[in-house]
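Enquirer: Dumping the structure here so I can ask a few things about it.
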Amino acid sequence: MEVARRTIEAVNGGSIPEDCFDTNVEYHPMPGAPVPYAYRGVEGVREGLRSLQEAWGEMKVEVTRFIEAGAAVVALIRYRVRGRGSGITMEGEQAWAFWLRKGLICRVDQYAGEDEALKAVGLEE
């Protein structure tokens with residue numbers, strides 16, 4: 001759970017903690033996101049964050065709860081973003097699933113809600 005917490009804190013600071021990631025990590029943004037395709041490797045995760053930063057001039061993510069699920073952790077989050085060009089502010093909730101291998105994040109998937117994420121990690125059918 002600590003690597004997920006550190007990752008989210010770092011994203012709020014505009015970076016990623018490379019030591020939290022497996023070298024072959026996969027990052028899958030939520031369908032319909034400004035970055036709609038998967039990123040691979042630590043450099044790919046960094047590229048995904050840069051793409052989000054280009055779309056959103058301001059981005060803040062706050063964890064409301066962590067749920068442990070065996071080799072995965074689900075983070076329920078609230079987000080607030082402001083469009084870089086438009087200035088439009090959006091707020092909402094998402095769930096991010098972090099899969100771990102040997103204490104490192106090997107996959108991150110974003111979901112529209114808690115139920116979807118819990119199903120993905122095998123906690124609900």
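Every number here is computed from the coordinates shown, using simple stated rules; none is lab data. It should be emphasised that the depicted structure is a prediction, and the values quoted were computed from it without experimental measurement. Every residue, glycine among them, receives a Cβ derived from its backbone with ideal geometry; neighbour counts consider all protein chains shown.
Enquirer: What is the local net charge at V3, summed over the other residues whose Cβ is closer than 14 Å to its Cβ (Lys, Arg +1; Asp, Glu -1)?
Expert: -1
Enquirer: Counting only DSSP beta bridges with both residues in the chain, what percent are antiparallel, rounded to the nearest 5?
Expert: So the antiparallel bridges in the chain amount to around 90 percent.
Enquirer: Tell me the relative contact order for region 2-110 as a rounded percent, counting alpha carbon contacts under 8 Å between residues six or more apart.
Expert: Reported relative contact order: 27 percent.
Enquirer: Angle check, please: helix 2-12 long axis (alpha carbons) against the longest principal axis of the chain (alpha carbons), in degrees 0 to 90, nearest 10.
Expert: 10 degrees
Enquirer: If I fit a long axis through the Cα atoms of helix 41-55 and take the longest principal axis of the Cα atoms of the chain, what angle between them do I get, 0 to 90°, rounded to 10?
Expert: Its long axis makes an angle of about 30 degrees.
Enquirer: A55 to T89: extension gain in nm, 0.36 nm per residue of separation minus the Cα-Cα distance?
Expert: Taking A55 through T89 to full extension adds about 11.1 nm, to one decimal.
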